[in-house]
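Presented below is the structure to which this report refers.
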Amino acid sequence: MQEYYFYRNRSQIHGLAKLPVRLTPGDPPALATLSERRSRCVTSAVQDAQARFLALTKSDQQDIAEWKARIAMGARRDWGSCFDGASVRGVFYEPPDVCRVVMIFPCLPGEY
């Protein structure tokens, strides 16, 4: 499956993440519901899609893992407005424990 699609002035990028384990850290550990686990998975998949978008930029070419770390630390530059206008087109849960989001960005990575 192709994970990047580019149109005239927007991009469609797929983000992937693994469903978190059922136990949540704490003392004592607690069980997370399926909806909580799916919510965290979608959040991680959105971050993955954003990192994949940024890995395609022209001015600051970095690996996807580097972009994930930067996003997690709160990095935000001129591409931040593109993320603000982005929308999730669909969420898919694939066996055994993967979630996929399809995101539409209202810009192209080559603009940054």
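If I filter segment 39-49 down to residues being out of contact with any Pro (no Cβ under 9 Å at 6 or more places or on another chain) and crowded, with 17+ Cβ neighbours inside 10 Å, which single residue comes out as farthest from Gly110 (Cα to Cα)?
Val42
With respect to Ile64, determine if the residue is under 21 Å from Glu3 (Cα atoms) and in contact with a Lys or Arg (Cβ under 8 Å, 6 or more places away or on another chain).
Taking the combined requirement at face value, the residue satisfies it.
Residues that are polar (S, T, N, Q), at least 1 per element: which helices (runs of 4 or more DSSP H) completely within segment 9-109 meet that?
Output list reads 34-54, 80-84.
Restricting attention to segment 90-112, which residues are surrounded by 13 or more Cβ atoms within 10 Å (Cβ to Cβ) and within 14 Å of the chain's Cα centre (by Cα)?
Correct list: Val91, Val98, Cys99, Arg100, Val101, Val102, Met103, Ile104, Phe105.
Kindly indicate whether Glu36 is farther than 16 Å from Val98 by Cβ, surrounded by 13 or more Cβ atoms within 10 Å (Cβ to Cβ) and of a type outside the set (Phe, Trp, Tyr).
For Glu36, the condition - farther than 16 Å from Val98 by Cβ, surrounded by 13 or more Cβ atoms within 10 Å (Cβ to Cβ) and of a type outside the set (Phe, Trp, Tyr) - is met.
Could you say which residue among Arg52, Arg76, Arg8 is basic (Lys, Arg) and either more than 25 Å from Leu108 (Cα to Cα) or under 11 Å from the mean Cα position of the chain (by Cα) (or both)?
The conditions single out Arg52.
Residue by residue through segment 1-33, note down the ones that are under 22 Å from Pro96 (Cα atoms), among the hydroxyl-bearing types (Ser, Thr, Tyr) and surrounded by 13 or more Cβ atoms within 10 Å (Cβ to Cβ).
Thr24 - this is the single residue of segment 1-33 that is under 22 Å from Pro96 (Cα atoms), among the hydroxyl-bearing types (Ser, Thr, Tyr) and surrounded by 13 or more Cβ atoms within 10 Å (Cβ to Cβ).
Which condition does Ser87 not pass, out of (1) within 17 Å of Tyr4 (Cβ to Cβ); (2) within 15 Å of the chain's Cα centre (by Cα); (3) surrounded by 13 or more Cβ atoms within 10 Å (Cβ to Cβ); (4) not aromatic (Phe, Trp, Tyr), if it passes all the others?
(3)
Laboratory data are not the source of any read-out in this text; all were calculated from the coordinates shown. None of these values were measured; they are calculated from a predicted model. No Cβ is skipped: glycine too gets one built from the backbone with ideal geometry, and neighbour counts run over all protein chains shown.
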